[in-house]
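The values are calculated or read from the model by the stated rules, or taken from the named source; none is laboratory data. This one's a predicted model, so the numbers in the text were calculated from it and none came from an experiment. Reconstructed Cβ throughout: ideal geometry from the backbone, glycine too, with neighbour counts over all protein chains shown. Quick note on the areas: whole protein, heavy atoms, side chains included, nothing else; ligands and nucleic acids left out. Shrake-Rupley method; radii C 1.70, N 1.55, O 1.52, S 1.80 Å.
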Amino acid sequence: MKHYRPPQAWTGRIDGFSAPYLRWHQVVLPVDLRQQALPPLATGEKGLALLGFACDEGVRRNKGRVGAVKGPQALRSACASLPMHFTGEFRLVDAGDVTCEDGDLEAAQATLERAVQSLLEAGYRPLLLGGGHEIMYGHACGVQQFLEAKALHNTPHTSDVQQAVKAMPTLGFINFDAHFDIREPDAAGPSSGTGFWQLATESQAAGRPFRYLALGIQPMGNTQALFQLAHTHRVEYVIADAFHFSKTELTLKTIRNFIAGVDHIYFTTCLDVFSAANAPGVSAPAPNGILPTGLALQCYRQILQCGKVISTDIAELNPGYDSDNRTAKLAAALVFETASAYLGLVY
């Protein structure tokens, strides 16, 4: 399989070998997608599949600082010694990395799309590790392909395939990000900043609703043209200044209303939404970004615990600029939140 790298062995701190002492590196199961299928899940068993996207070609095209290609492995290292709080019927799988060879972003995104679809078809919840935010387009397409295939399978007697696809459940996109990522591609082609424009135009062409909520938008990080594009495509958004205790109820209500209007949610986080003090290791650090605690964490949990999230990713970890591994540790905390919510754990 081109544009793919099998998983490596995990290592980390060992406190013991019985259940109360276990850490992630002691239970994760590496799976080489070129040679084996994901382990089948028993009835009632849940599976979380980690998949890296070792690529920052989209960041380069978007004129950002490169280095996020090394993000997936740095994030795995930060997750390796996380405590294994999850008990019962649960599988944690590392499905390796989709890679970008020779700058061929489009082929890498197509490989990612197929990989995401296969993880969902096997019954696993994908949790993708970036990589630049160009991860979003391939990831979202994989989720949409899965939902479309499922809709067609559930309506085998329809004579109008297009009508069946239109009747599929609504997929909403929630993006924690300082940027809309809705710019039109330029001569360099699609990039880390064009994914939602691509999804919006494709949804319009297919007659599907385009439902997109952006959280943490920085006015200083988006041109007037990008705000106009967001309005044209009816994007809902919450600016970074709203992540303040005085705006708690309004911000949470915006998220609740969006969730109520869709059937499934693809949830993506671009780490540059957070303050550079907490997330220095990103492609576009934000000195005035939001804090990863308080209201932001409350919003994060509200989304993850709503019961509609079908797939998630964390993007833009750039280890070359990550002082004291602060960004990697923050990303690992978000991974832990995601896994905990999927398994119904509340602390």
| remark: log10 I(q)/I(0) for the stretch 1-118, Debye formula on C-alpha points only (no solvent), q = 0.19 Å⁻¹, two decimals, reads -1.05
| task | Beyond 20 Å between alpha-carbons counts as too far, so tell me which of Lys2/Lys63; Lys46/Lys329; Lys70/Lys329 fall in that bin. | result | Lys2/Lys63; Lys46/Lys329
| request: Please name which of Val69, Gly16, Tyr237 has its Cα lying farthest along the dipole of the chain towards the positive end, using unit charges on Cβ (Lys, Arg +1; Asp, Glu -1) and the Cα centre as origin. | output: Gly16
| said: Within the stretch 95-111, name every residue whose backbone N is under 17 Å away from a label modeled 7 Å from Cα of Gln36 along the Cβ vector. | reply: 95-97
| task | Report the calculated FRET efficiency for Asp186 and Glu101 (r = Cβ-Cβ distance, R0 = 25 Å), to the nearest 0.05. | result | 0.65
| request: Sequence neighbours fewer than 8 away in the same chain don't count; with that in mind, list the lysines whose C-alpha is under 27 Å from Lys253. | output: Lys308
| request: State, as an integer percentage, the relative contact order of the chain based on alpha-carbon contacts under 8 Å between residues 6 or more apart. | output: 19
| What's the extension gain from Ser323 to Arg256 if we count 0.36 nm per residue and subtract their Cα-Cα distance? | 20.6 nm
| Expressed as a fraction of 2.2 N^0.38 Å, the rule-of-thumb size for a compact globular protein of N residues, what is the C-alpha radius of gyration of the stretch 67-134? | 1.26
| remark: With every protein chain kept in place and a 1.4 Å probe, the residues Trp197, Trp24 fall, from largest accessible area down, as Trp197, Trp24
| message | What translational diffusion coefficient, to the nearest whole µm²/s, does the stretch 145-302 have by Stokes-Einstein, given a Kirkwood radius computed over alpha-carbon pairs, a temperature of 4 °C and 1.567 mPa s viscosity? | response | 77
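Regarding the stretch 78-204, what is the average projected area of its C-alpha convex hull, in nm²?
Result: a mean projected hull area of 10.7 nm².
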| What Cys residues in the chain have no fellow cysteine's beta-carbon under 4.7 angstrom? | Cys79, Cys141, Cys270, Cys299, Cys306
| Rounded to the nearest 10 Å², the accessible area of Arg60 at probe 1.4 Å | 130
| Cβ-based charge dipole, the chain, positive-most Cα from Gly294, Leu48, Thr268 | Gly294
| By accessible area with a 1.4 Å probe, ligands and nucleic acids excluded, highest first: order of His25, His264, His153 | His153, His264, His25
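Order the following by accessible area, largest value first: Lys308, Lys150. Probe radius 1.4 Å; ligands, DNA and RNA are ignored. Each step should come with its number before you reach the end.
Values: Lys308 55, Lys150 110 Å².
Descending order: Lys150, Lys308.
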| Can you give the charge dipole size of the stretch 276-343 about its Cα centre, rounded to the nearest 20 debye, using +1 on the beta carbon of Lys and Arg and -1 on the beta carbon of Asp and Glu? | 200
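How large is the dipole of the chain about the Cα centre if only Lys and Arg carry +1 and Asp and Glu carry -1, each at its Cβ, rounded to the nearest 20 debye? Don't skip to the end; give the middle numbers.
Numbers: 28 positive and 32 negative charges, 117 e Å.
For the chain, the charge dipole is close to 560 debye.
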| message | Can you compute the helix-only [θ] at 222 nm over the chain? Use -39500 (n - 2.57) per DSSP H run of at least 4 residues, normalise by all residues, nearest 500 deg cm²/dmol. | response | -10500 deg cm²/dmol
| query | Can you tell which of Asn288, Asn278, Asn175 shows the greatest fluctuation in a Gaussian network model of the chain with Cα springs below 10 Å? | reply | Asn288
| task | Mind putting a number on the dipole of the stretch 227-322 about its Cα centre? Charges go on the C-beta only, +1 for Lys and Arg and -1 for Asp and Glu, and I need it in Debye to the nearest 20. | result | 340
| query | Using a 1.4 angstrom probe and counting only protein chains, how large is the accessible area of Asp102 in Å², to 10? | reply | 150
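Please tell me the relative contact order of the stretch 15-168 in percent, rounded to the nearest whole number, where contacts are Cα pairs under 8 Å and at least six residues apart.
Details: 235 pairs, mean separation 46.8, N = 154.
With pairs under 8 Å counted, the relative contact order is 30 percent.
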